[in-house]
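> I am attaching a structure below and will ask some questions about it afterwards.
Nothing in this text is a laboratory measurement; each read-out follows from the coordinates by a stated rule. Being a predicted model, the structure only gives us computed values, none of them experimental. Cβ: placed from backbone, ideal geometry, glycine included. Neighbour counts: every protein chain shown.
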Amino acid sequence: MADATLLLILVGLPFAGAAVAGLMPTGARNAASILAGAVALAGLGLVGAAYPVVSEGGVLRAEFAWMPTLGLNLVLRMDGFALIFAGMVTGIGALVVLYARYYMSSDDPVPRFFSFLLAFMGAMTGVVVSGNLIQLVFFWELTSLFSFLLIGYWHHTAAARDGARMALTITGAGGLALFAGVLVLGHIVGSYDLDAVLAAGDRIREHPLYLSALILILLGALTKSAQFPFHFWLPHAMSAPTPVSAYLHSATLVKAGVFLMARLWPVLSGTDAWILIVGTAGLITLVIGAFIAIFQNDLKGLLAYSTISHLGLITLLLGLNSKLALVAAVFHTLNHAAFKASLFMAAGIIDHETGTRDIRRLSGLNRSMPFTSRLALVAAAAMAGVPLLNGFLSKEMFFAEALSAEAALPGVLNILPLAAMLASAFAVTYSLRFIHGAFFGPDPVDLPRQPHEPVAWMRFPVEILVLGCIMVGVLPAATIGPFLDVAVRSVLGDDVPYYSLAVWHGFNRPLVMSFVALAGGVLLYLLLQRRLQSGEDGPPLIRRIDGRRIFERTMVFLSWRLARRVEGLTGTRRLQPQLRLIVGAAILAAVAAVWLRGLGPGNLKPSPVDPVLALIWMVGAACALGAAWQAKFHRLAALILLGGVGLVVCITFVWFSAPDLALTQLTVEVVTTVLLLLGLRWLPKRLQVADERGPEVLTRTRRIRDLTLAVAAGGGMALFAYAVMTRTPPELLAQDFLRRAYTEGGGTNVVNVILVDFRGFDTLGEIFVVATVALVTYALLRRFRPAPDSVELPEPQRDQLEADAARMRDGEAGRLADWLIVPFTLTRLIFPVMLTVAVFLLLRGHDLPGGGFSAGMVVAIAIILQYMIGGTDWTERRLRLLPQLWVGVGLLLATGTGLAAWFFGRPFLTTYFAYAELPVIGRIPTASALLFDIGVFALVVGATLLMLVALAHQSVRGHRATPRPPAAPATREAARAAAAGED
């Protein structure tokens, strides 16, 4: 239980902190930073608490039943490999929080920034400690979502919006591929549990679906870690604030891909396909990223391409199919996190204190920023692989593996050492450009700000990280050695090869390669001085191969040309053609299924037709036909007739002993009728289609076509229902629910027990959908401005309104109030009665017809009645409607009821039931499902009221609008300005 608590807090605490930070006021900069720092430090403390167990080879594991029958449980698992990544996520996260406190401007909404950052921290922690592959993919996609919010934090700039959209598109698409690959992998193993997958390496590699799973999983990993050919999105994410760049590029987002490849290395590596895909992608990315980095004029752009190159180095090591290469990959992952986070922070300090990151404008900062320059110098030297720094050690291990690789593809053995030296020389060159271009040379001129050192606490995170680079470079075995050993053993088990973290291994070939790369990098920098000082954008030879341009053209083709063409074929601005396509496609699918499987009457004899029921159905059919006919002339009449159809359906449900359905249908019918009534005036005008046959002929043709589709769809459903009801019902389905409803669900109303217990997952998902629809509807209608032609009233109606206003002014208002006082008073008296009925339906729902949904609709009807008499202003003033709060409370209560089962060691949404005796009321059920039902009740009330308020406000705004439309703006810019003014 201690393990479960530790891991749950580790994952859940950042999300809780994100929620609290998101609720803070915009100006609460210090409070938000303190909260974020406390959360990150607490997470680091929890990781440290797990180290004693993990260091001895143990694995912390906590499993919470979710859907056990499907093998989908919430599994949190921490071994040595997950521990070092969780330590990076929380430790560097704490330093980034401290740095961001002084980097972010007081004009920025800083609490929102820390809310996004903490949520991203929680998502990344969830990735590294997930013990279930489906759960890992869920957190994986959360990292894409929250990184999108972080990259686009300064959304007022086009670069931030474009960079965020590109990152989300590439990594989100890779996440979908990863999800498909995980499904294939789970199918091969028979389980999604990570321990089961890691134990089935031979079975996975020998399975016919291995290649499919491998390609899909690697698509997710390579896109997330910005590997060729998906590398182009990472530099465009530099529009994010520098603390975000430091965090995403060092310890979190881009490391997720290499984490996944290393995590699944024991089961997916060892094949030619693995070496071909992973090794080739890593080799190309290593060289290209380092080459392009040399020619970047933006400090952060240089560091971004260097990140791509170092990620390529790690990927290449993982693709060499060597256990020592895996050790080197893990080692370099840790080293890269330290020096890259410090370099990004140093670049941010330069930008913060000088107002620019352009190397062409920077020089001589060593004199005005001496401490920052020395810190950046050490970090850049570590990145270049200078001896006695951490980057040198992992680079030497890389050179050793490049020389001794045996499982590489034919031809690669010869070029691998040369490519390794070339990329290392490039790294020296761009590191020299970073340091020499920014800190040495003459004093800068015409900078936006006067250069000076930052406050001490802003520089403190850089000092800690640089100190780590030095300590690991000088004393690797004593500092990083134990953590590296724990991480490697958790991946390779007991089969860990011998490796040494000594600073000096003698005069050997890797050492010679290191000195050759250092000398070659310095020489290359001297040779490129004139080219770099010219300020030309982009590297030579491959300048025209722009990944962003290819991406944008692809997006234009997919989202503009292709989408427009599909929209032209399948979509219109009118609802009827789209419904026609949907219904037509459904009919074709049903016909195909019947054609393949066959469908005929069952073995039961049909019951005789009841004349009363037949008469009722005839009334319903007449209302339906009348609604279709009146839709041509009068939409209000059509809506009233549709209400008649709904009433007939309610009577039918009662007739066939389905009171729950009847009650739900009746309440929904009332609410939707009123909501549709409020929205009628905003429907677009009917289109007049010109044709040589005349509009009447076209109208008749369309109506015949629609009638044919309606008859086909309705008749098909009738035949299907007839075929089902004339068959002997399967005993297992109905009898199983009837038998278990009371003994396991604690209720005799089987319908309600199914909704809140047996199919509780479905209900939970549905109420989330309802909440989303309500919030989206409210958000859209809140900014909806009716078109001028829809506001303008016809001349007779406008004259009538003016006459009514005049009569009101002349004293008819008092007489009208006399007529309205009776219904006004009645609705006030009915309101508490309806609330009592709603509570009655809610409490009895588990045993008798009722439930949370029906009770919620009754409350919504009661409030609608108040609105219809008193108006929006009176209703909101007297009843104090807070629909968003109702929606939030409903979701929290329903979800919390499901989570509460975990505290008793039961699967999510497991029901506990008992009965209580209350005075006057009597015996009532106290099942935990009642709390779930109350959540449904609150959400239904909130969602209905949210849409009611949105529509009602539009109606009030429409009535208050000027009767004649304003003159149309002459230009598109003027139209936008006018719209902004209205908002």
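> Please state, as a whole number in µm²/s, the translational diffusion coefficient that the Stokes-Einstein equation yields for the range 269-525 at 25 °C and 0.890 mPa s, with Rh defined as the Kirkwood radius across alpha carbon pairs. All intermediate terms of the calculation are to be shown ahead of the outcome.
Numbers: Rh = 18.6 Å.
Once the numbers are plugged in, D ends up at 132 µm²/s.
> 222 nm [θ] for the chain, helices only, -39500 (n - 2.57) per DSSP H run of 4+, per residue, to 500?
-24000 deg cm²/dmol
> Also, quick follow-up: Can you compute the modelled spin-label distance between Val612 and Ile415, with each label point 7 Å from Cα toward Cβ, in nm?
Distance between label points: 8.7 nm.
> Averaging sequence separations of C-alpha pairs under 8 Å and six or more residues apart, then dividing by the length of the chain, give the relative contact order as a whole percent.
Numbers: 1400 pairs, mean separation 86.7, N = 983.
Computed over the chain, the figure is 9 percent.
> Below 8 Å, C-alpha to C-alpha, sequence gap of six or more: please give me the relative contact order for the range 286-410 in percent. Could the numbers behind the result be given before it?
On the way: 122 pairs, mean separation 33.1, N = 125.
With pairs under 8 Å counted, the relative contact order is 26 percent.
> What is the order of Arg565, Arg357, fewest Cβ neighbours within 10 Å to most?
On the way: Arg565 10, Arg357 22.
With the sparsest Cβ surroundings first, the list reads Arg565, Arg357.
> Taking θ as phi - 60°, what are the ³J(HN,Hα) couplings along the range 886-891 by the Karplus curve (6.51, -1.76, 1.60), each to the nearest whole Hz, with x for Gly and Pro?
4, 4, x, 5, x, 5
> Now for a separate question. Limiting things to C-alpha atoms, what are the Rg and the maximum Cα-Cα separation (Dmax) for the range 15-54, in angstroms?
13.0, 42
> Also: Hey, with R₀ at 30 Å, roughly what FRET efficiency would Met717 and Leu176 work out to, going by the Cβ-Cβ distance, to 0.05?
Details: r = 34 Å, r/R0 = 1.14.
Computed FRET efficiency for Met717 and Leu176: 0.30.
> Quick one, what does Rg over Rh come out to for the chain if you take C-alpha atoms and the Kirkwood Rh? Working shown, then result.
Numbers: Rg = 33.9 Å, Rh = 32.9 Å.
Computed over Cα atoms, the ratio is 1.03.
> Something else now. Measure nothing but the geometry: give the 0 to 90° angle between the long axis through the Cα atoms of 2-22 and the longest principal axis through the Cα atoms of the chain, rounded to 10°.
Once rounded, the angle reads 70 degrees.
> Which cross-chain or sequence-distant (5 or more) residues have an amide H under 5 Å from the amide H of Asn132, H modelled 1.01 Å from N in plane?
For Asn132, the qualifying residues are Val75, Leu194.
> Please list, in chain and number order, the residues 5+ apart from Gly851 or on another chain whose amide H is under 5 Å from its amide H, with Hs placed from the backbone.
Here the answer is Leu842, Arg844, Gly845, since their amide H atoms fall under 5 Å of that of Gly851.
> Applying 1/(1 + (r/R0)^6) with R0 = 25 Å to the Cβ-Cβ distance of Arg360 and Thr157, what FRET efficiency is obtained, to the nearest 0.05? Could you put the intermediate results ahead of the total?
Values: r = 21 Å, r/R0 = 0.86.
Calculated transfer efficiency: 0.70.
> For labels at Asn603 and Val455 in the simple 7 Å Cα→Cβ model, what's the distance in nm?
So the two model labels end up 8.3 nm from each other.
> How much length is gained if the chain between Ala734 and Leu588 is pulled fully straight, taking 0.36 nm per residue apart and subtracting their Cα-Cα distance, in nm to one decimal?
49.5 nm
> Let me spell out the model: positive unit charges on the Cβ of Lys and Arg, negative unit charges on the Cβ of Asp and Glu, origin at the Cα centre of the chain. What dipole size does that give, in debye rounded to 20?
Magnitude of the dipole: close to 2060 debye.
> Okay, next question. Once fully extended, how much extra length lies between Arg530 and Leu562, figured as 0.36 nm per residue of separation less the alpha-carbon to alpha-carbon distance?
Details: separation 32, 0.36 × 32 = 11.52 nm, distance 4.60 nm.
Full-extension gain reported as 6.9 nm.
> Report the equivalent ellipsoid semi-axes for the range 314-444 in whole Å, largest first, defined as the square roots of five times the eigenvalues of the gyration tensor built from alpha carbon atoms.
Values: eigenvalues 231, 40, 24 Å².
Equivalent ellipsoid of the range 314-444: 34, 14, 11 Å, largest first.
> How far, in degrees from 0 to 90, does helix 928-960 lean away from the longest principal axis of the Cα atoms of the chain, to the nearest 10?
Compared with the principal axis, the helix lies near 80 degrees.
> May I ask for the equivalent-ellipsoid semi-axes of the range 1-160, computed as the square root of five times each C-alpha gyration tensor eigenvalue and listed largest first in whole Å? Mind showing how you got there, number by number?
On the way: eigenvalues 173, 63, 33 Å².
Taking √(5λ) for each eigenvalue gives 29, 18, 13 Å, largest first.
> Expressed as a rounded percentage, what relative contact order does the range 353-481 have, with Cα pairs under 8 Å and six or more residues apart? Walk me through the numbers before you get to the answer.
Working: 143 pairs, mean separation 61.8, N = 129.
Computed value for the range 353-481: 48 percent relative contact order.
> Label points 7 Å out from Cα along the Cβ direction at Val516 and Arg828: separation in nm?
That separation, rounded to one decimal, is 9.5 nm.
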